[in-house]
């Protein structure tokens, strides 16, 4: 049984961005899973022209800025019983429905059984990515690797900088020091880098990466992606549908409605909910203290575990959600185990 849950286009998974302090203008993201038992859907494209019968797994990614993107399946497949190899196919599309997608790039064979595509992304555009196999050779691990090259419009120094965007689509990096960065409109990609930075977007579809250090990140409206990176960060969503990846460290996350997706990463994190939001739960990554969970507005999204593997108990701090191996995943304040422990609260 797959734990990826992304067989259907409607259940496509967000690629996970990797926070960076790098001096080179590159962003990366990854996805992992498998396509065991997967199939196709009515109207779904035949990826790279050689994927029928379909057994596709779907991911989605929004470009933080304009620039060339490379996606490959290097690292996929390691089952020696498959003597023909795990021959991946790869398709990249735009569009919001599986039966009306526009092909951006596709590939079957690159360097043997792997797949690789390159294309120029537009700032703020969302791309749908399918990994399938030649002749339905399914069931082995999938690894999806994405790299985007960017051109910075502003760069800071090794010291503490104050950097402001132009109102257009900016790509700004703070480098070292405790920087303050403001996007000031447009679809911006803002990178704090090393140091304890304060980074704020505006009403556009911004990509905000704090880098290492104890950073403070503000979405400030729009459909933003906020990446905490290393350190103990404070991350503030806004009224739009934000995607929050807190990363390492003991972070504090404030969701302010809009149907946010919150992945707290590793560490002991505190998540304050305000309105609709989904919280990712996975094993072996620390636990979350969840505040203000509202049944009917909030859900937990399980990654790599199933609802049947969970147990629930009341404690002085709230409802303890425990996963396989007695792994504490979350403590939900101001609730009861009989309420939280319902399958309808999980996806």
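None of the figures in this text is laboratory data; all of them are computed from the coordinates on show. Keep in mind that this is a model prediction, so the values were computed, not measured. Please note: Cβ atoms are built from the backbone with ideal geometry, for glycine as well, and neighbour counts cover all protein chains shown.
I need the calculated FRET efficiency for the pair residue 125 and residue 276, taking r as the beta carbon distance and R₀ as 30 Å, to the nearest 0.05. Kindly include the intermediate steps, with their values, before the conclusion.
Working: r = 24 Å, r/R0 = 0.82.
Here the calculated transfer efficiency is 0.75.
Rounded if a/c is under 1.5, else prolate if a/b beats b/c, else oblate: with a ≥ b ≥ c from the C-alpha gyration tensor eigenvalues square-rooted, which is segment 169-309? Walk me through the numbers on the way to the answer.
On the way: a/c = 2.29, a/b = 1.45, b/c = 1.58.
Since a/c reaches 1.5 but b/c is at least a/b, the shape of segment 169-309 is classed as oblate.
Which of rounded, prolate or oblate describes segment 234-276 when judged by the alpha-carbon gyration tensor and an a/c cut-off of 1.5? Taking the square roots of the gyration eigenvalues as a ≥ b ≥ c, segment 234-276 is prolate. From the Cα gyration tensor of segment 267-322, with a ≥ b ≥ c the square roots of its eigenvalues, which class applies: rounded if a/c is under 1.5, or else prolate if a/b is larger than b/c, or else oblate? In terms of gyration-tensor shape, rounded.
Taking the inverse of the mean 1/r over every pair of distinct Cα atoms in the chain gives a Kirkwood hydrodynamic radius of 20.8 Å.
Determine the relative contact order of the chain: mean sequence separation of Cα pairs under 8 Å and six or more apart, normalised by residue count, in whole percent. List each step's numbers first, then the result.
Working: 1119 pairs, mean separation 38.0, N = 347.
Over the chain, the number comes to 11 percent.
Relative contact order of segment 218-347, please, whole-number percent, based on alpha carbon pairs below 8 angstrom and at least 6 residues apart.
Details: 373 pairs, mean separation 20.8, N = 130.
Value for segment 218-347: 16 percent.
Cα centroids of segment 190-241 and segment 260-305: 18 Å apart.
Exposure proxy ranking for 88, 73, based on other Cβ atoms within 10 angstrom of each Cβ and starting from the fewest, stands as 73, 88. The length gained by stretching the chain between residue 336 and residue 103 to full extension, at 0.36 nm per residue less their Cα-Cα distance, is 79.1 nm.
Kindly put 103, 60 in sequence by how many other C-beta atoms sit within 10 Å of each C-beta, fewest to most. Working shown, then result.
Numbers: 103 13, 60 16.
In increasing order of surrounding Cβ atoms, one gets 103, 60.
From most to least packed by mean Cβ count within 10 Å, the peptides 246-254, 145-153, 301-309 give 246-254, 145-153, 301-309. Dividing the convex hull volume of the alpha-carbon atoms in segment 241-347 by its residue count gives 84 Å³ per residue. Highest average first, the peptides 210-217, 36-43 ordered by how many other beta carbon atoms sit within 10 Å of their residues are 210-217, 36-43. Here each label is just a point 7 Å from Cα along the line to Cβ, and for residue 111 and residue 74 those points are 0.4 nm apart. Using the Cβ-Cβ distance between residue 309 and residue 8 with R0 set to 25 Å, the FRET efficiency works out to roughly 0.70.
Each of 87, 206 was scored by other Cβ atoms within 10 Å of its Cβ. Listed from fewest to most, they are 87, 206.
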